[in-house]
Amino acid sequence: AERGGAWTTSGSTSVSAGTGRLAAGAGQSAVAKLAGINRTDVAVHATLTLPALTTGGGTYVSLATQNVGLTDYRAKLRFRADGQVEVMLMRTVNDEDVILGGYLLAGGDSAGTSVNVRLETRGTAPTTIPAPFVTTGR
């Protein structure tokens, strides 16, 4: 990473040509974290691409900020088998999710289409969180 030091990863992860790849089978997780950043005002941006449409209960991808232990704020996307993408703004406290809001992404998803996600958090007590900004790369 340009800032924050080395990534800490678990699960099947790799990096090639500046692009990180996380892969997990059914019921499994893959995680990449930047532990070397300690800020309250943060904007995180990622481009996500699923190589194939999901099946079953869907594929979940989260982008988190202000992580302390098992507590954080996150944009959580659920790629559904019907091609729809649910976007949820969440606060996770002690590994328990609380949905603060959400919507369906207009246009849904198709295999190989990029989805751009931006999550921003500002301050503490209170923390201000604009709705996650999510667009497709079409």
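The values are calculated or read from the model by the stated rules, or taken from the named source; none is laboratory data. Treat the numbers as computed from the prediction; the structure is a model and nothing was measured. With ideal geometry, Cβ positions are generated from the backbone for all residues, glycine too; neighbour counts draw on all protein chains shown. Heavy atoms of the whole protein, side chains included, go into the accessibility calculation; ligands, DNA and RNA do not. Shrake-Rupley method; radii C 1.70, N 1.55, O 1.52, S 1.80 Å.
Working only within the range 105-138, note down all residues that are among the basic types (Lys, Arg) and more than 14 Å from residue 44 (Cα to Cα). Break it down into steps so the answer makes sense when it comes.
In the first step, residues of the range 105-138 are kept if they are among the basic types (Lys, Arg); the result is 118, 122, 138.
Within the range 105-138, 138 is the sole residue that qualifies.
Do you know which of the residues in the range 10-56 that are part of a loop (DSSP other than H, G, I, E, B) and surrounded by 13 or more Cβ atoms within 10 Å (Cβ to Cβ) is modelled with the lowest pLDDT?
Kept after step one, since they are part of a loop (DSSP other than H, G, I, E, B), are these residues of the range 10-56: 11, 17-18, 24-30, 35-41, 50-56.
Subsequent filtering for residues that are surrounded by 13 or more Cβ atoms within 10 Å (Cβ to Cβ) retains 11, 24, 30, 37, 41, 50, 53-54.
Values: 11: 84, 24: 82, 30: 84, 37: 76, 41: 86, 50: 86, 53: 84, 54: 87.
Step by step, filter the range 10-56, then rank; the result is 37.
Which fully enclosed strands (runs of 3 or more DSSP E) of the range 73-138 have 2 or more residues being modelled with pLDDT under 90 and loosely packed, with under 15 Cβ neighbours inside 10 Å? Explain how you work it out, then say what you get.
Numbers: elements: 85-93, 96-104, 114-121, 133-136.
Correct list: 133-136.
Pull out all pairs, ordered by first then second residue, where Cβ-Cβ is under 7 Å, the residues are six or more apart or on different chains, the first lies in the range 23-45 and is without any contact (Cβ under 8 Å) to a residue 60 or more places away in the chain, and the second is open to solvent by 90 Å² or more (accessible area, probe 1.4 Å) and not in a strand (DSSP E or B).
Close Cβ pairs satisfying both conditions: 37/3.
If a residue must be under 12 Å from the mean Cα position of the chain (by Cα) and open to solvent by 40 Å² or more (accessible area, probe 1.4 Å), how many such residues does the range 63-72 contain?
Of the residues in that region, 1 qualify.
Would you call residue 60 open to solvent by less than 80 Å² (accessible area, probe 1.4 Å), within 21 Å of residue 10 (Cα to Cα) and in contact (Cβ under 8 Å) with a residue 12 or more places away in the chain? Give the steps one after another, and end with the answer.
Values: open to solvent by less than 80 Å² (accessible area, probe 1.4 Å): no; within 21 Å of residue 10 (Cα to Cα): yes; in contact (Cβ under 8 Å) with a residue 12 or more places away in the chain: yes.
In short, no.
Checking the conditions here, which among 35, 26, 52 is closer than 22 Å to residue 5 by Cβ and of a type in the set (Gly, Ala, Ser)? Walk me through it before giving the result.
Numbers: 26 fails: closer than 22 Å to residue 5 by Cβ; 52 fails: closer than 22 Å to residue 5 by Cβ.
From the options 35, 26, 52, the qualifying one is 35.
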